[in-house]
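S.K.: Below you will find the structure I want to go over with you.
The values are calculated or read from the model by the stated rules, or taken from the named source; none is laboratory data. Computed from a prediction, not measured in an experiment: that's the story for all the values here. For neighbour counting, all protein chains shown are included, and Cβ atoms are generated from backbone atoms with ideal geometry for every residue, glycine included.
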Amino acid sequence: MSPSGFAFDPAPEEMRAMGRAVLDAVIGWVGGLEDAPAENTAEALQVAAKLEAAPAEQGDRDFAGLLEDAIEAARHTYEFSGPGYLAYIPGGGLFTAALAEFLAQALNRFDTLWQPSPAVVQIEENVTRWMCSLFGFPVETSQGLLTTGGSLANLSAFATARHAKLGEDFLDGVYYCTDQTHASNTKAATIAGFSRRNLRLVPTDPELRMEPDALRSMVREDRAAGRRPFLVIPAAGTTNTGAVDPLADIA
């Protein structure tokens, strides 16, 4: 038994019961989104304090109680999925995507190694190839991978740009973004080994879009100073205002 009072490896009927409980909770949650408040945080700290607990020496909670706690915690938050929430960019997700995530976690197969699971890898390659085609990249030579979200995608892009453009000695590299750039990009830069000295903030126009002429001037200055520009981070819809940088001019 686990510390939470239910088996780590439950019997088939137990799995069905747990699955039905989660499914019913999710369907009920989605059914109430239309009338959900955009913000429900008045008692959030009290709920958090109620849920704070040390690991139990002996389990005294059943699965239903843990599920109830999870739903209660989610209830006292911003409702990103509801029609009343208009700030920032989190979306509500798709029910089919949630099922796919459950299936992927349950099957637990390597999706990055061809030898142990070629058919699984092929599924991901199909998706990335379709995406490359949609964006006009050459299907025969373009590659990609699926990540859990935008933050990891930005980190992957940062590491790829560093490797492709700078090589092993990269501390003279320079990357460019605006003060409207998503925070995950500068965090990705730090993880990839760069400091604030490697960052150049490009001015924006009155609509908070990156200024291509200013970018060109900054790139010329940095090259003249012996630094190596390697990455520009424009936005196709910023978090703050939804502004779209002039991507064609920047490219």
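S.K.: What are the residues in region 198-251 that are of a type in the set (A, V, I, L, M, F, W, C), farther than 20 Å from ALA161 by Cα and not in a strand (DSSP E or B), if any?
M.R.: LEU208, ALA214, ALA224, ALA225, ALA243
S.K.: Follow-up. In this structure, is LEU247 within 23 Å of THR128 (Cα to Cα) and at pLDDT 95 or above? Full working, then the answer.
M.R.: Values: within 23 Å of THR128 (Cα to Cα): yes; at pLDDT 95 or above: yes.
For LEU247, the condition - within 23 Å of THR128 (Cα to Cα) and at pLDDT 95 or above - is met.
S.K.: Name the residues in region 73-128 that are under 29 Å from PRO37 (Cβ atoms) and of a type in the set (Ser, Thr, Tyr), would you?
M.R.: THR77, TYR78, SER81, TYR85, TYR88, THR96
S.K.: Within region 100-120, can one find any residue that is part of a helix (DSSP H, G or I), of a type in the set (D, E, K, R) and either modelled with pLDDT under 90 or not assigned by TED's automatic domain parsing to the domain that holds VAL22 (or both)? Step through it out loud before you land on a result.
M.R.: Quick first cut of region 100-120, residues part of a helix (DSSP H, G or I) only: 100-107, 118-120.
Restricting the remaining residues to those that are of a type in the set (D, E, K, R) gives 101.
Filter once more, so that each one left must be either modelled with pLDDT under 90 or not assigned by TED's automatic domain parsing to the domain that holds VAL22 (or both): 101.
There is at least one residue in region 100-120 that is part of a helix (DSSP H, G or I), of a type in the set (D, E, K, R) and either modelled with pLDDT under 90 or not assigned by TED's automatic domain parsing to the domain that holds VAL22 (or both).
S.K.: Now for a separate question. Name every residue in region 210-241 that is small (Gly, Ala, Ser) and in contact (Cβ under 8 Å) with a residue 60 or more places away in the chain, in order of residue number. Walk me through how you get there before you give the answer.
M.R.: Step one: list which residues in region 210-241 are small (Gly, Ala, Ser), which gives 214, 217, 224-226, 235-237.
Correct list: GLY237 only.
S.K.: Give ALA56, ALA44 a once-over and let me know the one that is at pLDDT 90 or above and over 30 Å from VAL120 (Cβ atoms).
M.R.: On the way: ALA56 fails: at pLDDT 90 or above.
It is ALA44.
S.K.: Could you say whether any residue in region 153-174 is acidic (Asp, Glu), in contact with a helix residue (DSSP H, G or I) (Cβ under 9 Å, 6 or more places away or on another chain) and in a loop (DSSP other than H, G, I, E, B)? Working first, answer last.
M.R.: Kept after step one, since they are acidic (Asp, Glu), are these residues of region 153-174: 168-169, 172.
Pick out the ones that are also in contact with a helix residue (DSSP H, G or I) (Cβ under 9 Å, 6 or more places away or on another chain) and you get 172.
This time we only want the ones that are in a loop (DSSP other than H, G, I, E, B), so: 172.
Looking for residues that are acidic (Asp, Glu), in contact with a helix residue (DSSP H, G or I) (Cβ under 9 Å, 6 or more places away or on another chain) and in a loop (DSSP other than H, G, I, E, B), one finds at least one in region 153-174, hence yes.
S.K.: If you go through region 5-15 one residue at a time, do you hit one that is among the charged types (D, E, K, R), loosely packed, with under 11 Cβ neighbours inside 10 Å and in a loop (DSSP other than H, G, I, E, B)? Break it down stepwise before answering.
M.R.: First pass over region 5-15, keeping only residues among the charged types (D, E, K, R): 9, 13-14.
From the residues that got through so far, the ones that are loosely packed, with under 11 Cβ neighbours inside 10 Å too are 9, 13.
Within this subset, residues satisfying the condition of being in a loop (DSSP other than H, G, I, E, B) are 9.
There is at least one residue in region 5-15 that is among the charged types (D, E, K, R), loosely packed, with under 11 Cβ neighbours inside 10 Å and in a loop (DSSP other than H, G, I, E, B).
S.K.: Oh, and also: Would you check if ALA188 is of a type outside the set (Asp, Glu) and either surrounded by 18 or more Cβ atoms within 10 Å (Cβ to Cβ) or in contact with a Lys or Arg (Cβ under 6 Å, 6 or more places away or on another chain) (or both)?
M.R.: Numbers: of a type outside the set (Asp, Glu): yes; either surrounded by 18 or more Cβ atoms within 10 Å (Cβ to Cβ) or in contact with a Lys or Arg (Cβ under 6 Å, 6 or more places away or on another chain) (or both): yes.
Yes, satisfied.
S.K.: What tally of residues in region 220-247 results from selecting those that are among the aliphatic types (A, V, I, L, M) and within 21 Å of ALA192 (Cα to Cα)? Spell out how you get there, then give the answer.
M.R.: So in region 220-247, the residues among the aliphatic types (A, V, I, L, M) come out as 224-225, 231-233, 235-236, 243-244, 247.
Of the ones still in play, those that are also within 21 Å of ALA192 (Cα to Cα) are 231-233, 235.
Matching residues across region 220-247 total 4.
S.K.: In addition: Pairs under 6 Å by beta carbon, first residue in a helix (DSSP H, G or I) in region 27-39, partner of a type outside the set (Lys, Arg) and surrounded by 13 or more Cβ atoms within 10 Å (Cβ to Cβ), six or more apart or different chains?
M.R.: Close Cβ pairs satisfying both conditions: LEU33/SER81; LEU33/GLY82.
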